[in-house]
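Asks: The structure follows.
The values are calculated or read from the model by the stated rules, or taken from the named source; none is laboratory data. This one's a predicted model, so the numbers in the text were calculated from it and none came from an experiment. We place every Cβ from the backbone using ideal geometry, glycine too, and count neighbours over all the protein chains shown. Surface accessibility is based on the protein's heavy atoms, side chains included, excluding ligands, DNA and RNA. Shrake-Rupley method; radii C 1.70, N 1.55, O 1.52, S 1.80 Å.
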Amino acid sequence: MSVQVFISVLFGTLFLLLFIFRIVEPAYILLFNKPLYIHWYFYSKKLKSSQRQILVNDFPFYNRLSNKRKKYFEHRINEFIAKYEFIAKETVITEQMQMLIAGTYVMLTFGMRNYLVNVFNKIIIYPSSYFSTVNQVSHKGEFNPKMKAIVFSWDDFILGHLTSNDNVNLGLHEFSHVLHFHGLKSNDSSAIIFFDAFNEVIKYYNDPVLINELTQKKYFRLYAYENQFEFLSVILEHFFETPIIFKTTHPELYVHISKMINFKEDYLK
């Protein structure tokens, strides 16, 4: 077989497999509400030792992963840092900032195959709360889809990250807004799964009986009931910070959230 024939056969086979995949996976998602696969990388990128040490010291989620999943986690952090621009305002971008911000996003999207989204392209970091010229108020963080920007006060981000049992985590909160917006705008497999489960989650906000049940149990802070965007972000903060209490207090809602981000409890075993 000549080289040209071999290349033609190879590309023809790849094209056929891709065509079959695009037919099979939608049906699979419809049946099982999850993608055919999540993690597959031709070449897994490793972190530098100094970067890995930050995770070991300050990221409990990473430490609870198996060695195989730690490699996936590290690869995704590398991809995140390569894709998104970090911009300092009145401060200096440090390796710790990059690792903890990227780690928070990777943790939130660890069950999604299509985890790198295009609804933002930069992360702006202030040393503390900052004045927003958009709405003329002081902010700790925000997602600005028009500017394609995530903005954080580092003081508030790190406080939320290091305090792991108060259900307030600025990084998770703002990145949840990103996923919500992406789910509304995109049709990739992860966005479809996210939005389908989100429609079940948001029933708890829209149904007077269900929302009364939530408010009576007083597990979610009042800010969750501002609007559907804040509702989602607040319950995702609770999902990662106090999962056992969440699962015990609102078991059905917990299952919907797990499906929404395709999160498996065995990730942490």
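Asks: For region 207-233, give me each residue that is under 17 Å from Ser176 (Cβ atoms) and without any contact (Cβ under 8 Å) to a residue 12 or more places away in the chain.
Replies: Of everything in region 207-233, those that are under 17 Å from Ser176 (Cβ atoms) and without any contact (Cβ under 8 Å) to a residue 12 or more places away in the chain turn out to be Tyr223, Ala224, Glu226, Asn227, Glu230.
Asks: Restricting the search to region 128-160, which residues are part of a helix (DSSP H, G or I) and open to solvent by 80 Å² or more (accessible area, probe 1.4 Å)? I'd like the intermediate steps shown before the answer.
Replies: Residues of region 128-160 that are part of a helix (DSSP H, G or I), as a first pass: 154-160.
Passing the criteria: Asp155, Leu159.
Asks: Return only the number of the condition from (1) of a type outside the set (Val, Ile, Thr); (2) over 30 Å from Leu36 (Cα atoms); (3) open to solvent by 10 Å² or more (accessible area, probe 1.4 Å) that Asn118 does not satisfy.
Replies: Unmet for Asn118, out of (1) of a type outside the set (Val, Ile, Thr); (2) over 30 Å from Leu36 (Cα atoms); (3) open to solvent by 10 Å² or more (accessible area, probe 1.4 Å): (2).
Asks: For region 81-101: of the residues being among the hydrophobic types (A, V, I, L, M, F, W, C) and open to solvent by less than 20 Å² (accessible area, probe 1.4 Å), which is farthest from the chain's Cα centre (by Cα)? Walk me through it before giving the result.
Replies: Going through region 81-101, the residues among the hydrophobic types (A, V, I, L, M, F, W, C) turn out to be 81-82, 86-88, 92-93, 97, 99-101.
Restricting the remaining residues to those that are open to solvent by less than 20 Å² (accessible area, probe 1.4 Å) gives 97, 99-101.
Numbers: Met97: 17, Met99: 15, Leu100: 13, Ile101: 11 Å.
Ranking the qualifying residues of region 81-101, first place goes to Met97.
Asks: If you check every pair at least six apart or on different chains, which have Cβ atoms under 7 Å apart with a residue in region 252-269 that is surrounded by 20 or more Cβ atoms within 10 Å (Cβ to Cβ) first and a residue that is modelled with pLDDT under 95 and hydroxyl-bearing (Ser, Thr, Tyr) second?
Replies: Listed pairs, sorted by first residue: Leu253/Tyr204.
Asks: Okay, moving on. Please work out if Asn78 is open to solvent by 20 Å² or more (accessible area, probe 1.4 Å) and modelled with pLDDT under 95.
Replies: When the stated conditions are applied, Asn78 does not pass them.
Asks: Name the residue that is nearest to Asn33 (Cα to Cα), counting only residues in region 192-205 that are in a helix (DSSP H, G or I), open to solvent by less than 20 Å² (accessible area, probe 1.4 Å) and among the β-branched types (Val, Ile, Thr).
Replies: Our first condition is that a residue be in a helix (DSSP H, G or I); within region 192-205, this holds for 192-201, 203-205.
When the remaining residues are screened for being open to solvent by less than 20 Å² (accessible area, probe 1.4 Å), the result is 193-194, 197-198, 201.
Restricting the remaining residues to those that are among the β-branched types (Val, Ile, Thr) gives 193, 201.
Working: Ile193: 6, Val201: 15 Å.
Ranking the qualifying residues of region 192-205, first place goes to Ile193.
Asks: Please state which one of Val168, Val151, Val137 is aliphatic (A, V, I, L, M) and either over 21 Å from the mean Cα position of the chain (by Cα) or within 18 Å of Tyr115 (Cα to Cα) (or both). Lay out the reasoning, then the answer.
Replies: On the way: Val168 fails: either over 21 Å from the mean Cα position of the chain (by Cα) or within 18 Å of Tyr115 (Cα to Cα) (or both); Val151 fails: either over 21 Å from the mean Cα position of the chain (by Cα) or within 18 Å of Tyr115 (Cα to Cα) (or both).
Being aliphatic (A, V, I, L, M) and either over 21 Å from the mean Cα position of the chain (by Cα) or within 18 Å of Tyr115 (Cα to Cα) (or both) holds for just one of Val168, Val151, Val137, which is Val137.
Asks: Which numbered condition in (1) of a type in the set (A, V, I, L, M, F, W, C); (2) in contact with a strand residue (DSSP E or B) (Cβ under 6 Å, 6 or more places away or on another chain); (3) not in a strand (DSSP E or B) is the only one that Met99 fails?
Replies: (2)
Asks: Checking Ser189 against (1) open to solvent by less than 30 Å² (accessible area, probe 1.4 Å); (2) within 17 Å of Leu253 (Cβ to Cβ): exactly one of these is not met. Which one?
Replies: All conditions are met except number (2).
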